[in-house]
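The values are calculated or read from the model by the stated rules, or taken from the named source; none is laboratory data. Just so you know, these numbers come straight off a predicted model, no measurement behind them. When we count neighbours, we look across all protein chains shown, and the Cβ atoms used for this are built from the backbone with ideal geometry, even at glycine.
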Amino acid sequence: MPKNNAIRSILLIGSGPIIIGQACEFDYSGSQASRALRDEGIEVSLINSNPATIMTDNVTADHVYLRPLTTDSLIEILEERPIDAVLPTMGGQTGLNLCKEADELGIWQKYGVKMIGVDMNAIDRTENREAFRQLMEGINVKVAPSRIANSILEGKEIAQELGYPLVVRASYTLGGSGGSFVHHKDEFEEKLERGLKASPMHEVIIDKAVLGWKEFELELLRDNNDNVAIICTVENFDPMGVHTGDSITIAPSMTLSDTAFQDMRNKAINMMRSLGNFSGGCNVQFALNPENEEIIAVEINPRVSRSSALASKATGYPIAKVAAKLAIGYNLDELKNQITQTTSAYFEPALDYVVTKIPRWNLDKFYGTDTTLGLQMKSVGEVMAIGRSFRESIQKACQSLENNRIGLGADKKEWHKTEDNLHGIKWPSDDRAFRVKDALELGVPLQTVQSHTQIDNWFLRQIQDLVNTESELAKRNLEDLDKDTIVALKQKGYSDAQLANILSVEDDDIYQKRKELGIRDGKRKHCYRSQKSVDPRLRA
């Protein structure tokens, strides 16, 4: 069906202040959605309390309200100008929570505002953990054994029933706030109380932990005709136990079998359709048992997610833009493919390259901060790199982290004690990928590293290949390297500075050698980072 012409003005809810899990990624999506709606001749009013965002620039929306994200602010806007519809799915969980609160107070009904892109049933079913569990059971999608608790006493009874380890997740929170793992009985009450306080509903769900399982995310779009497209499948480098916002993530998935992917795809589509009759974007997270490929649903978000920004950049498919147009009535086959400009947007991108995203934490700015990663998100940004292989893309991403490293190692900053590395890789931290490579370089068996980290063997073998490459290269001289060898090294993502360290020469020597052989500087075109400064030594 064509655009709903009854919608002439839309209120777009932003993601709020600069808080971990809120600002950056949803600013990307909200700005994209606002411009897409204005292109359709719709008047856009935007509310967001964060003046540092792109979306609050006066060229992005027709009317920008720098107001706290509260129901009082919504009433102020609705009193001032006529609004036909509200689009809350571009502001993360903050936007959905505010929209839900306004609905409960009857604000939308009072002012005749229609909710688009999602409906209240979908919000309730996904954020109320017990409702989510029942919904999944109704469509034969497995979830981890879990129970709802609203008090300390209920929580203790559930813990006794399920046994340890457990996961405590607070309902209606963003970025995993209030969530934690509980390995022992003596730490349970403290973490349960923290989860209850973090939840605006004073509610937690207590899950049986599936530590060590692999984690995957799927980005979906759905239109009014109930057509669903899987735009991207993202695999987490880290296993279950690390918040996906703190995980290194890779697109497309590298270790997922076709059988498991088709099963996961079908489950994701059924899950989105089960939420209700709405059109827009959706994010689904799964855990997969590496032993038998058993799949369970972790959660589903009926909105554009943090991963949507990665998926959009990785695939070239503007998820937020298309989701906004689906919300105002268009169907997928009525919208143009942004890449070809001729075919429809109803397609599923296939990638012939690998995209790696690495979070940026800056934990050194907060003295005394626990660097261990868990259910509660700690990252404050991210870098993203594109390569023809996982090895190339992760090396380029590491070169962009601005953490005084010049790639994934090969910079003479490696750890030198095996016991330090084994402790460092057992507990997820901000430098875990570097520790893994250092451990393999020290000769720790790959299976030992895998048992400590639960990272899939495929990823570890790719890093082991880098270790082997550097070991062989260190035995050679720069003068002995031919064009094919240097090209092969560049295809594995090595910068000039890394090669210089391995060969014990100067960076300029590598540069001159490349110049003589006619190997051009790649200019690092396909790398996104939080800041624009570039180490001049990184001639990739």
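So here's what we get for this one:
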| read-out | value |
| --- | --- |
| Residue in the stretch 149-158 that is modelled with pLDDT under 85 and either of a type outside the set (S, T, N, Q) or closer than 24 Å to Ile123 by Cβ (or both) present | no |
| Meets criteria (modelled with pLDDT of 90 or more, in contact with a Ser or Thr (Cβ under 9 Å, 6 or more places away or on another chain) and either assigned by TED's automatic domain parsing to the domain that holds Leu256 or of a type in the set (A, V, I, L, M) (or both)) for Ala385 | yes |
| Count - residues of the stretch 355-384 that are among the acidic types (Asp, Glu) and either in contact (Cβ under 8 Å) with a residue 12 or more places away in the chain or under 21 Å from Ala314 (Cβ atoms) (or both) | 1 |
| Output for the stretch 353-382, where each listed residue is part of a strand (DSSP E or B), at pLDDT below 85 and over 23 Å from Pro17 (Cβ atoms) | Thr372 |
| Any hit, the stretch 141-158, residues being under 24 Å from the mean Cα position of the chain (by Cα) and closer than 30 Å to Glu79 by Cα | no |
| Meets criteria (assigned to a helix (DSSP H, G or I), modelled with pLDDT of 90 or more and either surrounded by 15 or more Cβ atoms within 10 Å (Cβ to Cβ) or small (Gly, Ala, Ser) (or both)) for Leu440 | yes |
| Scan of the stretch 199-246 for residues that are in contact with a Ser or Thr (Cβ under 7 Å, 6 or more places away or on another chain), of a type in the set (D, E, K, R) and part of a loop (DSSP other than H, G, I, E, B), ordered by number | Glu203, Asp223, Asp238 |
| Residue in the stretch 265-280 that is crowded, with 20+ Cβ neighbours inside 10 Å, touching a strand residue (DSSP E or B) at 6+ places or on another chain (Cβ under 9 Å) and in a strand (DSSP E or B) present | yes |
| Ile425 buried (at least 18 other Cβ atoms within 10 Å of the Cβ), touching a residue at least 60 places away in the same chain (Cβ under 8 Å) and hydrophobic (A, V, I, L, M, F, W, C) | no |
| Complete set of residues in the stretch 313-327 that are crowded, with 24+ Cβ neighbours inside 10 Å and either in contact with a helix residue (DSSP H, G or I) (Cβ under 6 Å, 6 or more places away or on another chain) or within 23 Å of Ser9 (Cβ to Cβ) (or both) | Ile319, Ala320, Val322, Ala323, Ala324, Lys325, Leu326, Ala327 |
| Residue count, the stretch 82-114 (criterion: assigned to a helix (DSSP H, G or I) and modelled with pLDDT of 90 or more) | 12 |
| Count of the stretch 239-255 residues which are under 12 Å from the mean Cα position of the chain (by Cα) and either within 23 Å of Leu166 (Cα to Cα) or basic (Lys, Arg) (or both) | 6 |
| Some residue of the stretch 385-393 being touching a strand residue (DSSP E or B) at 6+ places or on another chain (Cβ under 8 Å) and either without any contact (Cβ under 8 Å) to a residue 24 or more places away in the chain or on the phi > 0 side of the Ramachandran plot (or both) | no |
| Meets criteria (more than 30 Å from Glu101 (Cα to Cα) and out of contact with any Ser or Thr (no Cβ under 6 Å at 6 or more places or on another chain)) for Val182 | yes |
| Condition check for Gln447: surrounded by fewer than 18 Cβ atoms within 10 Å (Cβ to Cβ), part of a helix (DSSP H, G or I) and polar (S, T, N, Q) | yes |
| The one condition in (1) buried (at least 16 other Cβ atoms within 10 Å of the Cβ); (2) in the same structural domain as Asn270 (by TED's automatic domain parsing); (3) in contact (Cβ under 8 Å) with a residue 40 or more places away in the chain; (4) of a type outside the set (A, V, I, L, M, F, W, C) that Thr233 fails to fulfil | (3) |
